[in-house]
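Worksheet: the structure to be examined is printed underneath.
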Amino acid sequence: MLTLRFRHTAKGRLSGKTDKAIIGVVASGNLEVLLERVLAGAACEVVIATPLRGYDATWKAVVAEFVERSSPGGLRISINDGGARPDTVYLRLMQGCALMEAE
Amino acid sequence: MEDAATGGQASWFQATARQRVAGLLDPNSFTEFVGPSERVQSPHLDLFDLPSAFDDGVVIGRGKLDGMDVLVAAQEGQFMGGTFAEVSGAKMVGLVRAARDHKDLPQIVLLLLDSGGVRLQEANAGELAVAELMRAIVEARSAGVAVIALVGGKSGAFGGAGLTAATCSRVVVSAHGRIGVSGPEVIETNKGVEEFDAADKALVWSTDGGKNRRLIGGADAFAEDSMEGFRAAAKALLAKPPAFDLKTMQAEQERLTARQKRLGGCDDAISMWRILGIKDPEAIRDMDSKDFAALANGIKEANHDAR
């Protein structure tokens with residue numbers, strides 16, 4: 001297993017008050033994303049556990065794009081990957097943010 | 001959670017364990033125990049270079065079903081086939097034991113089974129978990145707890161999950177649900193394709209599938225494949241759980257003996273259904289849930305006061 005860790009400073013804190021949420025399932029081509037509002041300020045950390053090696057640059061690009069677009073400041077995001085494609089990863093990250101923003 | 005996946009008409013078969021819990025229970029009534037942020041994960045999968053899940057594929061907690069307090073455990077059939085392992089098994093065992101020991105907890109346990117059996121990477125722990133769970137269910141039932149199995153997920157209820165279902169007070173199944181001990185592939189591998197052709201879906205579902213299980217008394221209620229379908233079936237069964245006593249056990253033994261005598265010589269499900277008095281057994285496969293549930297309610301074999 002490979003662990004990847006990305007730290008970003010988002011444009012601002014994510015709105016909403018939900019303190020944690022989980023979306024997705026660890027299955028073939030899928031992943032689970034656990035979001036926790038535990039960081040100070042606009043900090044955002046994404047930690048990925050994946051069985052697949054050699055995709056570091058792809059993960060880095062997807063996470064950077066996600067942070068840029070949705071401004072998930074304050075979140076620690078933990079991922080268990082089952083070999084998901086980048087579009088699925090991006091979708092789950094956005095779904096997770098929507099859950100955290102929900103009233 | 002998103003409404004489309006947890007609303008009354010959402011498919012139980014397609015849903016994840018979390019969506020089933022949300023769709024089955026009253027809105028916002030669920031409190032999870034040992035949730036994903038506690039990260040109680042499998043200590044073994046990493047050794048095999050396999051990803052683990054934050055909840056090890058089992059969601060446990062308490063909530064309300066139509067206002068009644070219930071405990072719930074749901075297996076995630078999409079993660080490692082919903083398998084029993086060290087953590088996933090301990091969560092279910094702990095929940096049932098808690099109901100057994102603490103009268104201030106809900107005295108109803110709903111087990112949303114969706115499992116191929118024991119996780120082979122943690123086989124010893126998984127086998128022990130199944131044994132402990134069955135014992136815990138029997139002890140909880142002796143203490144007056146009702147334990148209801150709900151089966152309608154992609155992995156069915158095979159191996160230890162099939163055994164677990166058999167120890168419950170009542171069993172609900174949908175057409176997509178399958179209940180058995182040895183799964184189709186296992187039978188084919190060990191006994192040959194002449195014995196059981198695992199690629200023949202019609203054969204597999206007519207044998208292990210929910211309709212057959214309901215007709216021959218392996219399940220006490222037939223649910224439509226939806227959140228509302230399982231909700232309604234579970235609610236109806238909770239009204240009258242059987243006592244767990246010598247009388248019930250004797251009735252169950254008599255029922256199984258009679259079933260063996262009556263149906264034991266059959267080669268397939270359709271010939272069993274014919275013996276049960278169903279006029280057009282070939283039509284069962286395509287019958288919709290409502291018509292089928294009504295037909296099953298009129299079959300003597302399917303409706304007994306045992307278990």
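The values are calculated or read from the model by the stated rules, or taken from the named source; none is laboratory data. Everything numeric in this text was worked out from a predicted model, so none of it was measured. No Cβ is skipped: glycine too gets one built from the backbone with ideal geometry, and neighbour counts run over all protein chains shown.
Determine if segment B:70-77 includes at least one residue that is crowded, with 24+ Cβ neighbours inside 10 Å and within 11 Å of chain A (Cβ to nearest Cβ).
Yes, segment B:70-77 contains at least one residue that is crowded, with 24+ Cβ neighbours inside 10 Å and within 11 Å of chain A (Cβ to nearest Cβ).
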- Hey, among B:Val204, B:Val138, B:Val172, which residue is farther than 27 Å from B:Pro43 by Cα and at pLDDT below 95? B:Val204
- Query: When you go through (1) crowded, with 23+ Cβ neighbours inside 10 Å; (2) part of a helix (DSSP H, G or I); (3) β-branched (Val, Ile, Thr) one by one for B:Val138, which number turns out not to apply?
  - Reply: (1)
- Sole residue being surrounded by fewer than 13 Cβ atoms within 10 Å (Cβ to Cβ) and modelled with pLDDT of 95 or more, chosen from A:Ala57, A:Ala43, A:Ala27, A:Ala10: A:Ala57
- Query: Does segment B:266-290 hold any residues that are in a helix (DSSP H, G or I), of a type in the set (D, E, K, R) and touching a residue at least 60 places away in the same chain (Cβ under 8 Å), and which are they?
  - Reply: B:Lys290
- Note on the structure: From the option list B:Gly67, B:Gly82, B:Gly57, B:Gly23, single residue qualifying as at pLDDT 95 or above, away from chain A (no Cβ under 14 Å) and at positive phi is B:Gly67
- Any idea how many residues of segment B:255-290 are closer than 16 Å to B:Gly209 by Cβ and among the acidic types (Asp, Glu)? 4
- Message: Looking only at strands (runs of 3 or more DSSP E) that lie completely in segment A:9-69, which have at least 1 residues being within 14 Å of chain B (Cβ to nearest Cβ) and over 18 Å from A:Thr88 (Cα atoms)?
- Response: A:20-23, A:31-37
- Message: It is to be established whether one or more residues within segment B:104-121 are in contact (Cβ under 8 Å) with a residue 40 or more places away in the chain and part of a helix (DSSP H, G or I).
- Response: yes
- Set B:Glu127, B:Glu132: member being among the charged types (D, E, K, R) and in contact with a helix residue (DSSP H, G or I) (Cβ under 7 Å, 6 or more places away or on another chain): B:Glu132
- For B:Ala293, state whether it is crowded, with 16+ Cβ neighbours inside 10 Å, among the small types (Gly, Ala, Ser), in a helix (DSSP H, G or I) and in contact (Cβ under 8 Å) with a residue 40 or more places away in the chain. yes
